[in-house]
1. What angle do you read, to the nearest 10 degrees and between 0 and 90, between the alpha-carbon axis of helix 15-31 and the longest principal axis of the chain?
2. From the P(r) of the chain, could you give the percentage of C-alpha pairs in the tail past 20 Å?
3. Among Y25, V35, W10, whose Cα lies farthest out toward the positive end of the dipole of the chain, if unit charges sit on the beta carbon of Lys, Arg (+1) and Asp, Glu (-1)?
4. Compute the longest continuous run of the chain that contains no exposed chymotrypsin sites (Phe, Trp or Tyr not before Pro); treat a site as exposed when its DSSP state is not H, G, I, E or B and it has at most 13 other Cβ atoms within 10 Å.
5. Students often forget the sequence filter, so: which lysines lie under 16 Å Cα-Cα from K53 once same-chain residues fewer than 8 apart are removed?
6. Of all trypsin sites (Lys or Arg not before Pro) in the stretch 1-55, which ones are in loop regions per DSSP and have a Cβ with at most 10 other Cβ atoms within 10 Å?
7. Please find, in a Gaussian network model of the chain (springs between Cα atoms separated by less than 10 Å), the residue of L73, L27, L64 whose mean-square fluctuation is greatest.
8. Under a Cβ-only charge scheme (Lys and Arg +1, Asp and Glu -1), can you give me the dipole magnitude of the chain about the Cα centre, in debye to the nearest 20?
Amino acid sequence: MIKKLLSLLWNGAEPRQYFIEVGVYFLKKGVGYEVGQIIREKKINHIKGKSLKVWVVKDITYSLRHNKVDSVLETQLINENNKYRLD
């Protein structure tokens, strides 16, 4: 964040842009989720190496008017071996 603020300073950005960048930093820090993160998982078949049903964060939106952070979840079926390779 400091590098971004310094580059804004050196390039002569408006003071409003500094406040926007600081606000975005604190919003991202306070959410607790990242896009692509697995929230919940459930085994479909209880045999090792079979499919998992996972809920993944697809999108995060910030509503400054209502002071809310909303996340859109997506359901995916993946193999247990490819758990950390979501594309």
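None of the figures in this text is laboratory data; all of them are computed from the coordinates on show. None of these values were measured; they are calculated from a predicted model. Here the Cβ positions follow ideal geometry from the backbone for every residue, glycine too, while neighbour counts run over all protein chains shown.
1. Around 20 degrees separate the two axes.
2. Details: 2015 of 3741 pairs.
Looking at the chain, the distances longer than 20 Å represent 54 percent of pairs.
3. V35
4. Values: sites that count: Y33, Y84.
Free of exposed loop sites, the longest segment is 34-83.
5. Straight-distance partners of K53: K42, K43, K83.
6. On the way: sites: K3, K4, R16, K28, K29, R40, K42, K43, K48, K50, K53; in loops: K48, K50.
Sites meeting the loop and neighbour criteria: K48.
7. Comparing L73, L27, L64 in the GNM, the peak value goes to L64.
8. 340 debye
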